[in-house]
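Worksheet for the structure shown next.
The values are calculated or read from the model by the stated rules, or taken from the named source; none is laboratory data. Source: prediction; values computed, not measured. As a convention, Cβ positions derive from the backbone with ideal geometry for all residues, glycine included, and neighbour counts pool all protein chains shown.
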Amino acid sequence: MHQGSQDEDPVAAIEQAVIALRHSRHGPGHRGAPPWMQGPPMHHRDGSAETEHMPMMRGHRGQHDRSFGGAARFRLLGALRARGGMSVSEIAEMIGVDQPRASRLVNESAEHGLVTRRADERDARRSVVDLTEAGRAMLDTANATRRSAVTRAIEGFTPEETATFADLLTRFVNNWQR
């Protein structure tokens with residue numbers, strides 16, 4: 001069966017698998033490959049797994065602006081929600097993009113009021129990026145939209161079928177890179 005919070009919430013496990021499959025167009029080892037191909041998933045301070053990416057499901061795009069960054073922007077915002085107070089190089093490493101791409105994402109996100117930058121108290125040459133309330137609200141909306149789409153997709157499933165599907169889909173995604 002599932003591990004951790006996925007035991008209590010198979011819908012979350014399905015969401016995580018959809019996220020991973022959405023980002024699977026990058027092959028294993030590809031620069032910018034999704035987190036599930038690079039190592040363990042990001043975790044929030046409360047211990048829950050990171051699920052801050054938007055799905056690209058047929059016929060469903062959610063109500064959000066895809067004009068800059070797409071999935072990488074949501075990985076950036078999700079990383080800041082999970083950890084907060086990171087430098088651009090730390091963000092780049094955490095979300096699987098190169099430093100110039102991370103810098104562009106931070107700049108665009110700051111222009112849209114989703115993140116702020118401040119000088120690091122320990123090293124004035126370094127800036128620290130934090131998530132704003134607007135960024136947090138965007139993630140909340142994106143997560144609710146994705147969860148609603150997954151919930152609609154499994155409407156006819158029994159609770160046992162949902163748990164089985166979550167387990168099988170998770171195993172499929174974990175084996176995908178082999």
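Whether any residue in the range 75-97 is modelled with pLDDT under 95, over 19 Å from Arg136 (Cα atoms) and touching a Gly at 6+ places or on another chain (Cβ under 9 Å) is what I want to check. Within the range 75-97, one or more residues are modelled with pLDDT under 95, over 19 Å from Arg136 (Cα atoms) and touching a Gly at 6+ places or on another chain (Cβ under 9 Å). Of all residues in the range 129-155, exactly one satisfies the criterion of being closer than 17 Å to Leu105 by Cα and of a type in the set (Asp, Glu), namely Asp130. Of the residues making up the range 124-149, those that are assigned to a helix (DSSP H, G or I) and either among the polar types (S, T, N, Q) or at pLDDT 95 or above (or both) number 9. Note on the range 151-173: residues that are outside any helix (DSSP H, G or I) and touching a Phe, Trp or Tyr at 6+ places or on another chain (Cβ under 9 Å) total 2. Inside the range 128-145, residues that are out of contact with any helix residue (DSSP H, G or I) (no Cβ under 7 Å at 6 or more places or on another chain) and either of a type in the set (Val, Ile, Thr) or within 23 Å of Gln99 (Cβ to Cβ) (or both) make up a count of 4. Out of all the residues in the range 157-178, is one or more out of contact with any strand residue (DSSP E or B) (no Cβ under 8 Å at 6 or more places or on another chain) and at positive phi? So far as the range 157-178 goes, no, none of its residues is out of contact with any strand residue (DSSP E or B) (no Cβ under 8 Å at 6 or more places or on another chain) and at positive phi.
One residue stands out in the range 130-164 among those that are charged (D, E, K, R) and more than 20 Å from Arg81 (Cβ to Cβ): the one that is surrounded by the most Cβ atoms within 10 Å (Cβ to Cβ), namely Glu161.
Here Val150 fulfils each of the conditions (1) farther than 24 Å from Gly78 by Cβ; (2) within 16 Å of the chain's Cα centre (by Cα) apart from (1). What number of residues within the range 1-28 satisfy the criterion of being over 13 Å from Ala163 (Cβ atoms), assigned to a loop (DSSP other than H, G, I, E, B) and modelled with pLDDT of 50 or more? So the count comes out to 2.
Residue pairs whose Cβ atoms lie under 9 Å apart, sitting 6 or more positions apart in sequence or on different chains, and linking a residue in the range 117-145 that is polar (S, T, N, Q) to a partner that is at pLDDT 90 or above and part of a loop (DSSP other than H, G, I, E, B), are Ser127/Ser87; Thr132/Gly113; Thr132/Leu114.
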